[in-house]
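Read through the structure below, which is laid out as structure tokens, and then see the notes.
The values are calculated or read from the model by the stated rules, or taken from the named source; none is laboratory data. Given the structure is predicted, the values throughout are model-derived calculations rather than measurements. Cβ atoms come from the backbone with ideal geometry, glycine included; neighbour counts cover every protein chain shown.
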Amino acid sequence: MRRFRFFLRRLGVLALCLPAATAAAAPADLAAQRAQFPAVLALAERGPADSWKRLAAGLEDYPLFPYLEYTALRRGKGPLQREAVDAYLARFPDTLPARDLRNAYLRQLAADGDWAGFRGHWQDTPDRDLRCAWQRARIAAGEKPVYAGEIEPLWMQPRATPGTCDPLFEWARRNGVIDDAAVWQRLLAAAEAGNPETAAAIAAYLPPAQRSEGQRIASAVRDTATVLAKANTWPDQPRNRDAIAYGLARHARRNSAAAETLWAGLADRFRWDADQKNRVLNALAVFRSTSYSPDALARLKALPVEAGDDASREWHVRVALAGEDWAETLAALDRLSDTQQADARWRYLRARTLIKLGRERDAQPLFAQLATEANFHGFLAADWLGAPYAICPLSTAATPAQRQAIAEQPDLERAFEFHALGKLTEARREWDYALTRIEPADRAIAAERAYREGWYDRAVFALSASPDTLRHYEQRFPLAQESRVLREARGAGVEPAWAYAIIRAESAWMPDARSHADAYGLMQLLPGVAKQVAQTHKLPYGGAGDLFDPGLNIQLGTRFLAQMARQYSGSPWLASAAYNAGGAPVGRWIGARGALEPDFFIETIPYKETREYVARVMAFAVIYDWRLNGRVIPLSARLPRVGEAYRPPAEDSARKAVVCPAPAGPPSATPGGGD
């Protein structure tokens with residue numbers, strides 16, 4: 001008992017929790033439960049066994065109560081006991097912790113080979129390791145899964161599958177369910193996706209006589225230059241040609257000039273089939289284009305029709321555009337697929353190209369159609385026409401009964417409780433689980449509630465997932481932290497609408513966002529950048545973890561944004577490009593194509609992510625300007641030519657109207673500055 005009390009004192013909860021234990025008869029209010037829960041959860045995680053139960057009185061109707069016993073069951077390294085699992089599943093059915101506990105128990109049963117127990121607890125799940133285990137359980141019961149619909153979805157993955165699937169695949173291979181053709185199909189899919197490790201693992205399923213051929217393909221994708229340098233010595237066999245074709249396509253992505261040199265020595269050495277040759281020609285044409293090599297346009301024009309794809313057709317437009325060859329640009333636009341030609345980007349570029357060719361009358365209908373859309377190219381089209389911007393906001397239409405049903409949805413209640421406690425990872429897991437159990441038409445109601453409670457990122461993501469909800473501008477473009485953003489942006493000398501747009505594009509208002517590049521927080525700052533900015537402006541900064549503080553992140557981020565803008569004469573679109581890609585690439589692009597008009601320059605940015613990022617940020621800046629001020633600075637005014645000075649708008653800057661044409665009509669494919 002002494003150790004137990006010592007543990008409580010260390011948690012600082014003794015005074016809080018003991019009275020709650022004596023008041024079990026009277027339900028605690030939500031605030032008291034919210035204060036009580038973290039300490040009881042800590043006991044369930046690492047306190048003396050079952051000690052949490054003594055202090056859990058009053059939490060029985062608290063939304064997160066199921067997590068207490070779940071946490072106690074999952075602690076430690078001992079196996080889960082069937083009786084305890086079954087009791088929990090019976091008490092808390094159809095909850096996320098029950099699903100997690102069931103899946104953990106299923107994994108334990110699979111590891112133990114208890115297939116009868118596994119079948120008794122099985123519920124379908126998207127988890128591939130458990131789906132593989134389910135097929136193994138069926139096999140143990142004497143059933144024989146078939147390839148189509150049962151094995152194929154698990155097998156045909158270009159990336160590695162869980163190790164627990166290996167016994168299933170080995171059984172399927174031994175029993176002829178996976179045949180030679182299926183092995184080659186997956187191996188080649190892995191090679192095409194650039195996953196040599198997966199290709200090498202799949203080669204082990206080939207017959208011994210074919211195994212070296214599969215390994216050669218994997219090696220050619222993994223170490224293209226070294227392996228393909230020896231290809232002249234290979235026999236002219238189909239699988240050797242596959243190895244060269246996949247390897248060269250991979251090599252072209254990394255070093256198109258070196259791949260071209262290799263191809264020059266191999267093209268006449270082998271008898272290529274159409275797919276093999278077209279794969280190489282396409283890769284060389286596309287990746288010579290991404291670096292705007294002098295021969296890029298000639299390669300694209302010479303590419304056989306059957307070797308073309310969406311990527312090569314788009315790059316044909318960009319390369320012609322970069323060379324200001326307007327006739328060729330229009331011809332390349334004509335070759336785009338129907339799906340591509342419907343995209344606002346290419347419709348806008350067609351209109352601009354027609355202007356360059358002196359065909360203003362033909363361009364006007366294209367601009368007029370685009371000007372009804374609230375996206376980057378729609379705003380630019382409206383500027384060409386001198387028309388107001390067409391932004392038609394929607395509000396959530398719901399009956400009181402629908403709102404009440406969403407408010408009482410237990411999974412959402414748990415999500416909002418975790419959010420209130422600051423446990424954002426757990427909150428998002430419950431939210432995602434809840435959305436799968438809510439009718440699509442009701443998800444906007446849940447998103448509206450998230451917005452009203454300050455959980456902005458959930459509203460943004462939920463409403464950006466469907467064309468039907470993109471016009472919920474208030475929720476998708478929240479004026480969060482408004483006084484702080486306005487103060488810090490103006491103090492740094494940047495337009496608040498642009499600062500808002502960067503936050504929205506970078507993190508969608510997730511304060512704990514962390515990217516694969518190790519950028520943190522709302523404005524996705526790298527720790528090194530944050531340290532430099534903090535030192536320059538004498539701001540407090542103790543390390544990467546501080547960047548999860550929204551206030552400090554906005555303070556540092558707006559100053560870094562201003563620093564980037566100063567490097568480009570204040571230009572917000574160029575600074576946005578550098579914010580995303582870094583200054584060195586932007587410098588190269590300016591050196592090569594800086595004379596292009598900004599809308600053309602943006603489309604010729606080689607990095608897809610940056611190209612789309614700049615367009616997204618600048619469209620978001622217009623929408624945030626509208627939300628802040630009603631009338632907006634024209635988008636074209638935010639796009640000074642390279643080298644031209646730009647100053648943030650002043651009180652007397654010319655602004656244009658925003659209207660909602662009546663009738664609004666159905667939203668277009670990208671009506672709302674789509675993410």
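Quick check on segment 471-490. Is at least one of its residues at negative phi and in contact with a strand residue (DSSP E or B) (Cβ under 6 Å, 6 or more places away or on another chain)? Step through it out loud before you land on a result.
Residues of segment 471-490 at negative phi: 471-480, 482-490.
Right, trim to in contact with a strand residue (DSSP E or B) (Cβ under 6 Å, 6 or more places away or on another chain) and you get 471.
Among the residues of segment 471-490, at least one is at negative phi and in contact with a strand residue (DSSP E or B) (Cβ under 6 Å, 6 or more places away or on another chain), which makes the answer yes.
Kindly provide the set of residues from segment 63-105 that are of a type in the set (Phe, Trp, Tyr), more than 23 Å from residue 39 (Cβ to Cβ) and without any contact (Cβ under 8 Å) to a residue 24 or more places away in the chain, ordered by number. Can you show your working first?
Filtering segment 63-105 down to residues of a type in the set (Phe, Trp, Tyr) leaves 65, 67, 70, 88, 92, 105.
Remaining after also requiring more than 23 Å from residue 39 (Cβ to Cβ): 105.
Within segment 63-105, none qualify.
Among (1) within 28 Å of the chain's Cα centre (by Cα); (2) buried (at least 20 other Cβ atoms within 10 Å of the Cβ), where does residue 183 come up short?
Checking residue 183 against (1) within 28 Å of the chain's Cα centre (by Cα); (2) buried (at least 20 other Cβ atoms within 10 Å of the Cβ), the one that fails is (1).
Can you tell me which residue is surrounded by the most Cβ atoms within 10 Å (Cβ to Cβ) among those in segment 77-135 that are assigned to a loop (DSSP other than H, G, I, E, B) and among the aromatic types (Phe, Trp, Tyr)?
The initial filter retains those residues of segment 77-135 that are assigned to a loop (DSSP other than H, G, I, E, B), namely 77-81, 92-95, 113-114, 122-127.
So of that shortlist, the ones also among the aromatic types (Phe, Trp, Tyr) come out as 92, 122.
Details: 92: 19, 122: 16.
Per the stated criteria, the residue is 92.
Which one is nearest to residue 158 (Cα to Cα) among residues in segment 197-250 that are among the charged types (D, E, K, R), in a helix (DSSP H, G or I) and without any contact (Cβ under 8 Å) to a residue 40 or more places away in the chain? Working first, answer last.
From segment 197-250, those among the charged types (D, E, K, R) are 197, 211, 213, 216, 222-223, 230, 236, 239, 241-242, 250; that's our starting set.
Filter once more, so that each one left must be in a helix (DSSP H, G or I): 197, 211, 213, 216, 222, 239, 241-242, 250.
Going one step further and asking which of them are without any contact (Cβ under 8 Å) to a residue 40 or more places away in the chain, we end up with 197, 211, 213, 216, 222, 239, 241.
Details: 197: 10, 211: 18, 213: 18, 216: 17, 222: 15, 239: 18, 241: 20 Å.
It comes out as 197.
Counting residues that are over 30 Å from residue 477 (Cα atoms), β-branched (Val, Ile, Thr) and within 28 Å of the chain's Cα centre (by Cα), which helices (runs of 4 or more DSSP H) fully inside segment 299-415 reach at least 1?
Passing ranges, in order: 310-322.
Quickly run through segment 577-604 and pick out the residues that are assigned to a loop (DSSP other than H, G, I, E, B) and of a type in the set (D, E, K, R).
First, the residues of segment 577-604 that are assigned to a loop (DSSP other than H, G, I, E, B): 582, 594-597, 604.
Result: 597, single match.
Which one of 75, 102, 82 is under 35 Å from the mean Cα position of the chain (by Cα), among the basic types (Lys, Arg) and within 20 Å of residue 133 (Cα to Cα)?
Working: 75 fails: within 20 Å of residue 133 (Cα to Cα); 82 fails: under 35 Å from the mean Cα position of the chain (by Cα).
102 is the lone residue from the list that is under 35 Å from the mean Cα position of the chain (by Cα), among the basic types (Lys, Arg) and within 20 Å of residue 133 (Cα to Cα).
If I ask for residues that are over 13 Å from residue 431 (Cβ atoms) and assigned to a helix (DSSP H, G or I), which ones from segment 452-462 would you list? Even if it seems obvious, please write down each step before you answer.
Taking segment 452-462 first, the residues over 13 Å from residue 431 (Cβ atoms) are 452, 454.
Selection gives 452 alone.
Within segment 611-622, is there a residue that is under 16 Å from residue 504 (Cα atoms), crowded, with 20+ Cβ neighbours inside 10 Å, touching a strand residue (DSSP E or B) at 6+ places or on another chain (Cβ under 6 Å) and in contact (Cβ under 8 Å) with a residue 12 or more places away in the chain?
Yes, segment 611-622 contains a residue that is under 16 Å from residue 504 (Cα atoms), crowded, with 20+ Cβ neighbours inside 10 Å, touching a strand residue (DSSP E or B) at 6+ places or on another chain (Cβ under 6 Å) and in contact (Cβ under 8 Å) with a residue 12 or more places away in the chain.
Can you run down the residue pairs with Cβ atoms below 6 Å, 6 or more apart or on separate chains, where the first is in segment 388-407 and touching a residue at least 60 places away in the same chain (Cβ under 8 Å) and outside the structural domain of residue 627 (by TED's automatic domain parsing) and the partner is part of a loop (DSSP other than H, G, I, E, B) and β-branched (Val, Ile, Thr)?
Between residues of segment 388-407 that are touching a residue at least 60 places away in the same chain (Cβ under 8 Å) and outside the structural domain of residue 627 (by TED's automatic domain parsing) and residues that are part of a loop (DSSP other than H, G, I, E, B) and β-branched (Val, Ile, Thr), the close pairs are 390/372.
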